[in-house]
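The values are calculated or read from the model by the stated rules, or taken from the named source; none is laboratory data. All values reported here derive from a predicted model rather than from experimental measurement. All Cβ positions, even for glycine, are placed from backbone atoms using ideal geometry, and neighbour counts span all protein chains on display. Areas reflect the complete protein model, heavy atoms only, side chains present, ligands, DNA and RNA absent. Shrake-Rupley method; radii C 1.70, N 1.55, O 1.52, S 1.80 Å.
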Amino acid sequence: MTTTLEKNLLKQGVKPSRVYLAHDNAFLHGNLLDFFAKKFSHIDKSTWQQRFNSGLILAENHQPMSADMPYQAGQTLLYYRDVGQEPIVPFMERILAVDEHLIVVDKPHFLPVIPTGQFVQQTLLARLRLHPELQQLDVMAISPIHRLDKDTAGVMLFSHHPKTRADYQQLFEKKQVQKVYEAIAPTRLDLVYPYQVSSRLVRGEPFFLTKTVAGEINAITTIEHLEVLQGKLTGFSRYRLTPLTGKKHQLRVHMASLGMPLLHDNFYPMVKPQGTADFHRPLQLLAKQIGFVDPISAKNRVFTTEQQLFR
């Protein structure tokens, strides 16, 4: 269970990172500011000075460290990431269910699950650690069991019980979780539905993309056509997507490969310029439902989002 002292380490729901001061002759006669500036050279030295001044560098006993303190090999220090002007995501998550092992969350669009890039405090994980409905739990132990893209909304599972976390993670590893998504994309009525896409997906360039290559199949998606949309969405349809596998951006890549890129997708089939993201134009992809046999209770469990795509 998280102690009060450990809980006090949370800053806006973010835990500090750790760095070990090794027996490295390059640092033995320097101070802590020099160490951090060299160790993390992608961050300006003046920024590290500001973090020391703001008490964001701590000893293991949680006491603030000074920039001019000497480098002492064998120490472990705590430090907080800081990205300055972090974008505010103006959409809120919803808690769908909580039990002694799991937290089931309805994630909004645009909100990353864990710290990444320019997002540290504006993440689902940080918000859950501060959520008023969860303060009776061991909030420092909250951890996502699976992935969901920043741009995708819908149902997600988190663990707050370290001893049973692996039991739920193995459900995903063994493909024993039934995941159903909904999406809005251009209408294609020439395909015979349900239609299955099978391919090999690997990391692309830039690093945040996924691409299709020749080779052994590792990604399979079943696509069902639900309805042709009208009005402002004429030319688009609603689809049910059921992935058998869980590769990064799998649904987005598979739909784009059919000439049916998801509505408001900034990555596929072409990457739009940075800053194109518009809170009024969320990616039309929703993690609609998750179902599984609970490894602890052996009960069949199904969780459904309360959100909807465009109607």
Here the residues within segment 262-294 that are of a type outside the set (V, I, T), closer than 20 Å to L244 by Cα and open to solvent by 50 Å² or more (accessible area, probe 1.4 Å) are Q289
* Out of curiosity, is G215 modelled with pLDDT of 95 or more, among the small types (G, A, S) and touching a Pro at 6+ places or on another chain (Cβ under 7 Å)? -> no
Subset of segment 116-138, residues of a type outside the set (D, E), more than 28 Å from L309 (Cβ to Cβ) and surrounded by fewer than 19 Cβ atoms within 10 Å (Cβ to Cβ), comes to L130, P132, Q135, Q136
| query | Is it the case that segment 114-130 has a residue that's at pLDDT 90 or above, part of a strand (DSSP E or B) and hydrophobic (A, V, I, L, M, F, W, C)? | reply | no
Checked segment 137-159 for anything hydroxyl-bearing (S, T, Y) and out of contact with any Leu (no Cβ under 6 Å at 6 or more places or on another chain); matches are S143, S159
Screening I57, I103 for residues that are without any contact (Cβ under 8 Å) to a residue 40 or more places away in the chain, touching a Phe, Trp or Tyr at 6+ places or on another chain (Cβ under 6 Å) and surrounded by 12 or more Cβ atoms within 10 Å (Cβ to Cβ) leaves only I57
Scanning segment 82-131 for residues that are over 12 Å from the mean Cα position of the chain (by Cα) and on the phi > 0 side of the Ramachandran plot gives G84
Counting only residues in segment 1-42 that are of a type in the set (S, T, N, Q) and modelled with pLDDT of 75 or more, the one surrounded by the fewest Cβ atoms within 10 Å (Cβ to Cβ) is identified as S41
Being touching a residue at least 24 places away in the same chain (Cβ under 8 Å), acidic (D, E) and either crowded, with 18+ Cβ neighbours inside 10 Å or assigned to a loop (DSSP other than H, G, I, E, B) (or both) narrows D149, D167 down to just D149
Residues of segment 95-112 being within 11 Å of R127 (Cβ to Cβ) and not in a loop (DSSP other than H, G, I, E, B), in sequence order, are I95, V105, K107
Just a yes or no: is a residue in segment 183-201 touching a Lys or Arg at 6+ places or on another chain (Cβ under 6 Å) and assigned to a loop (DSSP other than H, G, I, E, B)? no
